[in-house]
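Please read the structure below before turning to the comments.
Where a number appears in this text, it was derived from the coordinates with a stated rule and is not lab data. Computed from a predicted model, the values in this text were never measured in an experiment. We place every Cβ from the backbone using ideal geometry, glycine too, and count neighbours over all the protein chains shown.
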């Protein structure tokens, strides 16, 4: 395993992070609670992650209605592993039936951090992220609430997820003007099929000393090669459970590009997943990549990608094989 400093913080994190959005459900989708990994499988994945030296665990208050945080908390307690793990969780998405049970208001953040701390069985969250923008709440209110939590010792650092480069820059300006803690992390999707973050946010992150972590580096499983043109989607796959985020890739150029990537990986003697993950990990704009394995073996395959070193010229040649947004 390799380790890096996250932006300008004192947090040392593994360059691979364990994404826990599949524990008990599929992300924040309320209608898919119970369709993800069960608790036994989640514990096996966390055990395997620790064995491989993965120290960064990523979850959110809304994942599986709080089950993801609960199971992480139980695992941390049962393994006495809290000091070995850098915990990231998030706030913003709906967590109840009331319209007020979501958002980035100071009230909601104060309520939800307490709930997350209880479920995670910890006194402090290492990295607390705004899960996505909330147009109904001024960013200054959100950052001020985060700053209060940091001063109170309940959160070490705050960050953003799914914010555009312009929104990240605005957050930096507002934090400086309001004299509150600056955000230290941006977590967004980034893969060979989704390269928006590189053009939109990497320069801003570098200028502000913000560490970028990439989720969905395998594009929701598309870069595993399991989706093939003209064939039914595998049972239980994301394309059968929650296809909406990926429907724009249902076209001949994408299928052809993935096939070409598979050939390029075969020439190197490695699986497509390792090539795709290595492409993300070797980007100088990326601190860490968040992976969501379903089995411990998937985790071992991801760790092997750390040995695949790509030059910038090789990265550009690989990117040219497949259309990327």
| note | Of the convex hull enclosing the alpha-carbon atoms of region 60-118, the direction-averaged projected area in nm² is 4.0 nm²
| Tell me, what is the percent relative contact order of region 231-308, built from C-alpha pairs under 8 Å that lie six or more residues apart? | 21 percent
| task | Give me the percent of DSSP beta bridges within the chain that run antiparallel, rounded to the nearest 5. | result | 10 percent
| message | Between region 165-202 and region 260-321, how far is it from one alpha carbon centroid to the other, in angstrom? | response | 24 Å
| message | Give me the percent relative contact order of the chain, please, defined on Cα pairs under 8 angstrom at least 6 residues apart. | response | 18 percent
| said: Need one word for region 11-52: rounded, prolate or oblate. Basis is the Cα gyration tensor (sqrt eigenvalues a ≥ b ≥ c); a/c below 1.5 gives rounded, then a/b vs b/c decides. | reply: oblate
| query | Let a ≥ b ≥ c be the square roots of the eigenvalues of the Cα gyration tensor of region 206-289; is it rounded (a/c under 1.5), or, if not, prolate (a/b larger than b/c) or oblate? | reply | oblate
| How far is helix 39-51 tilted, in degrees, relative to the longest principal axis of the Cα atoms in the chain, given as a value from 0 to 90 rounded to the nearest 10? | 80 degrees
| task | Averaged over every viewing direction, what's the projected area of the C-alpha convex hull for region 138-222? Give it in nm², one decimal, please. | result | 5.8 nm²
| remark: Relative contact order of region 1-114 (C-alpha contacts under 8 Å, at least 6 apart) in percent is 23 percent
| field | Taking the convex hull of Cα positions in the chain, its mean projected area over all directions (nm²) | value | 15.5 nm²
| task | Please quote Rg/Rh for region 246-317 to two decimal places, taking the Kirkwood radius as Rh and restricting both calculations to Cα atoms. | result | 0.97
| query | Once region 181-325 is represented by equal point scatterers at the alpha-carbon sites, with solvent omitted, what log10 I(q)/I(0) does the Debye formula produce at q = 0.12, 0.20 Å⁻¹? | reply | -0.49, -1.32
| query | In whole Å, what is the distance between the alpha-carbon centres of region 213-255 and region 20-35? | reply | 18 Å
| note | Here, region 155-194 modelled as identical Cα point scatterers in vacuum has Debye log10 I(q)/I(0) at q = 0.15 Å⁻¹ of -0.39
| Packing rank of 171-182, 245-256, where each peptide gets the mean count of other beta carbons within 10 Å, highest leading | 171-182, 245-256
